[in-house]
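First up is the structure itself, then whatever we jot down about it.
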Amino acid sequence: MKLTISRSIVQSDFVKKVQEISGQNILACYQCGKCSAGCPSVEEMDILPSQIIRLVQLGQEEQLEAFKTMWVCASCNTCAVRCPRGVDLAKIMEAVRLLVLRRNENHIEPSKLPQELIEEMPPIALISNFRKFTA
Ligand code: SF4
Ligand code: SF4
């Protein structure tokens, strides 16, 4: 992964918005990895939860969007409980998802879901997925 890092990127509006929406101090994270070690969804993720917050710290908005980790996050809060720095990573994941969706970009396209999936899934699961993944 090639990263471009500069003061303007690290202090970009993206970083400020993630902090504002999540209410978290992004810089409090010192990359101990306890969040990733305890995450029950980590096997389905393509980068670790701790790597997500690192990319946010570095203002890497475009890089973040290439990964599915934030969409796989189940918002279970295990990471928040384990964090020695009091960082609620679930809220940071939610803030990054919201910023993508606010651009009116759906992460899933409801009309393209397979009919069998729609028939098999409980309605409540469909509704919660649409809430999480669509603008
Ligand atoms: S547990 Fe907290 S301090 Fe450690 S990597 Fe995760 S968010 Fe950062
Ligand atoms: S809130 Fe998300 S990142 Fe944190 S432990 Fe749960 S699934 Fe993993």
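The values are calculated or read from the model by the stated rules, or taken from the named source; none is laboratory data. A quick note: this is a predicted structure, and the numbers were derived from the prediction, not measured. As a convention, Cβ positions derive from the backbone with ideal geometry for all residues, glycine included, and neighbour counts pool all protein chains shown.
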How many residues of segment 64-81 are over 12 Å from the mean Cα position of the chain (by Cα) and either among the hydroxyl-bearing types (Ser, Thr, Tyr) or surrounded by 17 or more Cβ atoms within 10 Å (Cβ to Cβ) (or both)? The answer is 3
Restricting attention to segment 54-83, report how many residues are more than 24 Å from Ser128 (Cβ to Cβ) and either outside any helix (DSSP H, G or I) or near ligand 2 (Cβ under 10 Å from one of its atoms) (or both). 6
In segment 85-104, is there at least one residue being at pLDDT below 95, over 26 Å from Arg54 (Cα atoms) and either loosely packed, with under 12 Cβ neighbours inside 10 Å or in contact with a Phe, Trp or Tyr (Cβ under 9 Å, 6 or more places away or on another chain) (or both)? no
Here, helices (runs of 4 or more DSSP H) confined to segment 1-49 with at least 1 residues that are surrounded by 14 or more Cβ atoms within 10 Å (Cβ to Cβ) and more than 14 Å from the chain's Cα centre (by Cα) are 7-10, 34-38
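Here's the yes/no breakdown for (1) modelled with pLDDT under 95; (2) within 14 Å of ligand 1 (Cβ to nearest atom); (3) outside the structural domain of Glu94 (by TED's automatic domain parsing):
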| position | (1), (2), (3) |
| --- | --- |
| Gln24 | no, yes, no |
| Tyr30 | no, yes, no |
| Gly33 | no, yes, no |
| Pro40 | no, no, no |
| Leu48 | no, yes, no |
| Gln63 | yes, no, no |
| Ala66 | yes, no, no |
| Ser75 | yes, no, no |
| Cys79 | no, yes, no |
Filtered residue count, segment 81-101, keeping only those that are near ligand 1 (Cβ under 10 Å from one of its atoms) and touching a Lys or Arg at 6+ places or on another chain (Cβ under 7 Å): 3
Only one of (1) over 17 Å from Glu61 (Cβ atoms); (2) out of contact with any helix residue (DSSP H, G or I) (no Cβ under 7 Å at 6 or more places or on another chain); (3) modelled with pLDDT of 80 or more fails for Glu109. Which number is that? (3)
Looking at (1) hydroxyl-bearing (Ser, Thr, Tyr); (2) without any contact (Cβ under 8 Å) to a residue 24 or more places away in the chain; (3) farther than 21 Å from Arg131 by Cβ, which one does Ser12 not meet, given that it meets all the others? (2)
